[in-house]
Each structure stands twice: as C-alpha cells, then as structure tokens.
Amino acid sequence: MVFRNIMIIRKVRKALWLIKYFGFNALLSVFTHEFREPIIIKCNGDEVEATPYMLRWLLHAMDLGYVKKVHCDDGEFVIINKYDDEVRIKYNNDGYVINGYRFKSLNRPLAAVFLGEEYWDVDARNKII
C-alpha cells in the first residue's frame, strides 16, 4: 500500500513538472498522441518539436535527479544537469540530437551518459548511435 502511494505521488509530481515547464497542452499531448509521433511544444515563447516519448524521458530524468532546470532556445530543449552542465536536446525526422550527437532512439543508458555522468570523452560525433 505504501509503495502504491509513493508511485502515485511520483506520477503527480511528473505531471506538475510537465505543466510547469511546458504547459497543460504538453500534458494532453503525452496522452493523446502516438509514442513517437512528432508534436509541437510551446516553451518560453519558442516552439520545439518533440515526441511524447522524449517528454516522458525528460520527466523520468527529472524524477531521478539528473535534471535541475529545463528551458527552450532555438528550437531545442536546454537542460541544466546536476553538474551544472548544459545539455541541448532536439528532435528531427532523423532521430534525436543531443549536444551534436545523433541518436535513433532514447534509452536509459543515454540519460546516464548525458545527464548523470561526465560525457566529454564520448567519441561519436556525426555518427548514428
């Protein structure tokens, strides 16, 4: 029973973060659109192309403590991680671009590399990962 209450609290907290940073329409988009269907999010007066999967991934990273702050700039999400490093994430038809590295999909090890750990020695620029 206690575990169930904790899970409900975490889900409500994620929903509130989503509303705080991206507005109520972003929350609706997560539930009404397909998992990898591109959607447009309005953030700080800028429009950013994303997917519901990408938004869920960002919320999960926030919940785990990897992310301190999120804002939008030049059509991409700018994330300040727990080490005060700036991580830029955007979506286009080819996949996800994180600090200039292209990825076909997002997954948990990716969150650990770019948001939770040092990533300066990653040698994958201009490669599809």
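The values are calculated or read from the model by the stated rules, or taken from the named source; none is laboratory data. Being a predicted model, the structure only gives us computed values, none of them experimental. All Cβ positions, glycine included, derive from the backbone under ideal geometry; neighbour counts span all protein chains shown.
Inspect region 50-62 for any residue being over 11 Å from the mean Cα position of the chain (by Cα), farther than 22 Å from R102 by Cβ, outside any strand (DSSP E or B) and not small (G, A, S) and give the result as yes or no. Working first, answer last.
The initial filter retains those residues of region 50-62 that are over 11 Å from the mean Cα position of the chain (by Cα), namely none.
No, region 50-62 contains no residue that is over 11 Å from the mean Cα position of the chain (by Cα), farther than 22 Å from R102 by Cβ, outside any strand (DSSP E or B) and not small (G, A, S).
Residue by residue, here is whether (1) hydrophobic (A, V, I, L, M, F, W, C); (2) under 21 Å from G23 (Cα atoms) holds:
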| position | (1), (2) |
| --- | --- |
| I41 | yes, yes |
| L55 | yes, yes |
| K68 | no, yes |
| G75 | no, yes |
| V78 | yes, yes |
| Y83 | no, no |
| G95 | no, no |
(request) Check D85, D94 and return the single one that is of a type in the set (D, E, K, R), in contact with a strand residue (DSSP E or B) (Cβ under 8 Å, 6 or more places away or on another chain) and free of Cβ contacts under 8 Å to residues at least 40 places away in the same chain. (result) D94
(request) Test each condition in (1) surrounded by 14 or more Cβ atoms within 10 Å (Cβ to Cβ); (2) at pLDDT below 75 for N126 and report the one that comes out false. (result) (1)
(request) Kindly list, by first and then second residue, each pair from a residue in region 14-29 that is under 15 Å from E47 (Cα atoms) to a residue that is assigned to a helix (DSSP H, G or I) and β-branched (V, I, T), limited to pairs with Cβ atoms under 8 Å and residues at least 6 apart or on different chains. (result) A26/I19
(request) Quick one: L64 ticks every box in (1) crowded, with 20+ Cβ neighbours inside 10 Å; (2) over 20 Å from Y91 (Cα atoms) except a single one, so which number is it? (result) (1)
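Yes/no per residue for (1) at pLDDT 80 or above; (2) surrounded by 13 or more Cβ atoms within 10 Å (Cβ to Cβ); (3) not in a strand (DSSP E or B):
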site	(1), (2), (3)
I6	no, no, yes
L16	yes, no, yes
K20	yes, no, yes
S29	yes, yes, yes
(request) Return the total of residues in region 1-57 being touching a strand residue (DSSP E or B) at 6+ places or on another chain (Cβ under 8 Å) and on the phi > 0 side of the Ramachandran plot. (result) 2
(request) Would you check if there is a residue in region 35-49 being closer than 20 Å to F103 by Cβ, surrounded by fewer than 20 Cβ atoms within 10 Å (Cβ to Cβ) and of a type in the set (D, E)? (result) yes
(request) Please work out which residue is farthest from E49 (Cα to Cα), limiting yourself to region 78-93 and to residues that are surrounded by 14 or more Cβ atoms within 10 Å (Cβ to Cβ) and of a type outside the set (D, E, K, R). (result) N81
